[in-house]
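Peer 1: If you scroll down you'll find the structure; I have some questions about it.
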Amino acid sequence: MEAFDVVIIGGGLAGLTAALHLKEKGHNVLVCEKQPYPHHKVCGEYVSNEVVPYLRRLGIPLDTSNSVSIDTLKISTTTGKALETTLPLGAKGVSRYFLDNLLYEKGKSLGVAFKEVTVTAIEFKGDCFEIALGSHASLKARIAIGAFGKRSNLDKHLQRPFIQEKSSWLGVKAHYQYDGFPENQVALHSFDGGYGGLSKTESGAVNFCYLAHYGTFKKQKSIADFNETVVSKNPFLNRFLEKAVPLFSEPLAIAQVSFAKKEAVTNHILMCGDSAGLIHPLCGNGMAMAIHAAKLASEQIHAYLENPKHTRGQMETAYQKLWQKNFGQRLRMGRWLQRLLLNPRFSNLALRTITKSPYLVQNIIRQTHGAPIT
């Protein structure tokens, strides 16, 4: 049976970032990812500049040649009432197709091991993990990182509480050719029962990713019908969908998107990215949080593997506290902002209020983003 210091289940941003960090520290690392690279994912594709210095240290520079610099936020209500403001830290627009593959190629060059497999079970036995890859293969690891995304069969296997609850949210994403979209802008536009984000990626394509409540969506026959009947009621989105040329044959979609509370550690597995907690997309920093969480987990894992006196319990407790300290308030603010933005009466009132106070807008943005990390 193959054995590793660390096995990472899921090769998205969190999993790949942890792999780079831990491999640089000299550990034997395996990433299990079921899809071949590169591939698209349902994602806002906006990376807050808070993690850019850390990515640079890992050998992943995001510059003007492979990303788009974003410094402006535009928000509108369902009726088209809008405001525009600067982003205190700014961000990079880069597709998951490109960024995940960049991290993957860097990992391969460092000697990170990869397996294109689906993990079907994971058990903690005798101070190590046994990880099943289907019915005929398994691995051993001293440490396991769960980075398998918003929702997985492994959540059911681990009997995580949130997976028992039905979620009413659907995520949809596609790329479009739309030359009129401002390169430096990320836009958040509301519609009945949801909201969507628009921003440019490194290829010049505009990423349109939205979250819709299933109660609204199910009244239509398809995503195309929903876009035409519901999404286009917002004047900004109507103008975009009328003029934009789709670049995907079909939009990507993911159902049962859950914003319920999750545990940062489950059965001794350190959870990262969306596996640990999902922030509402309107906050615009889910990608940065995944990268930052991978850094926090990797630092604690390295301390545990290098110091015989550092116990597994100490590692897990430290990671849980750091995760809560760095992300707990952001998740609470995200839930509050979502309730506000999806209520037509309150969202219009709120926008009228905050347009008179630039300080208030900047303060809200700061509470959903972190300080630059190194």
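Peer 1: Hey, can you tell me all the residues within the stretch 138-156 that are outside any strand (DSSP E or B) and open to solvent by 50 Å² or more (accessible area, probe 1.4 Å)?
Peer 2: ARG151, ASN153, LYS156
Peer 1: I would also like to ask the following. Please enumerate the residues belonging to the stretch 263-282 that are in a helix (DSSP H, G or I) and buried (at least 24 other Cβ atoms within 10 Å of the Cβ).
Peer 2: Within the stretch 263-282, GLY273, ASP274, SER275, PRO281 qualify.
Peer 1: Let me ask you something else. So which of ALA350, ALA294, ALA303 is modelled with pLDDT of 80 or more and either out of contact with any strand residue (DSSP E or B) (no Cβ under 9 Å at 6 or more places or on another chain) or farther than 30 Å from ILE143 by Cα (or both)?
Peer 2: ALA303
Peer 1: Here's another thing I want to ask about it. Of everything in the stretch 24-54, what is outside any loop (DSSP other than H, G, I, E, B), surrounded by 22 or more Cβ atoms within 10 Å (Cβ to Cβ) and within 17 Å of the chain's Cα centre (by Cα)? Give them in sequence order.
Peer 2: TYR46, VAL47, SER48, VAL51, VAL52
Peer 1: When the residues of the stretch 216-226 are narrowed to those that are polar (S, T, N, Q) and out of contact with any helix residue (DSSP H, G or I) (no Cβ under 6 Å at 6 or more places or on another chain), which ends up modelled with the lowest pLDDT?
Peer 2: In this case the residue turns out to be THR216.
Peer 1: What residue, among those in the stretch 86-95 that are touching a residue at least 60 places away in the same chain (Cβ under 8 Å) and closer than 11 Å to TYR46 by Cβ, is most open to solvent (accessible area, probe 1.4 Å)?
Peer 2: Per the stated criteria, the residue is LEU87.
Peer 1: Which residue is least open to solvent (accessible area, probe 1.4 Å), if the candidates are limited to the stretch 159-215 and must be modelled with pLDDT under 90 and polar (S, T, N, Q)?
Peer 2: Among them, the one singled out is SER190.
Peer 1: Listed residues ALA253, ALA224, ALA288, ALA260; which is touching a residue at least 40 places away in the same chain (Cβ under 8 Å) and part of a helix (DSSP H, G or I)?
Peer 2: Going through ALA253, ALA224, ALA288, ALA260 in turn, just one is touching a residue at least 40 places away in the same chain (Cβ under 8 Å) and part of a helix (DSSP H, G or I): ALA288.
The values are calculated or read from the model by the stated rules, or taken from the named source; none is laboratory data. For clarity, every value in this text was computed on a predicted model and none was experimentally measured. Cβ coordinates were reconstructed from backbone atoms using ideal geometry, including for glycine residues, and neighbour counts include every protein chain displayed. Note: accessible area is taken over every heavy atom of the protein model, side chains too, but ligands, DNA and RNA are not part of it. Shrake-Rupley method; radii C 1.70, N 1.55, O 1.52, S 1.80 Å.
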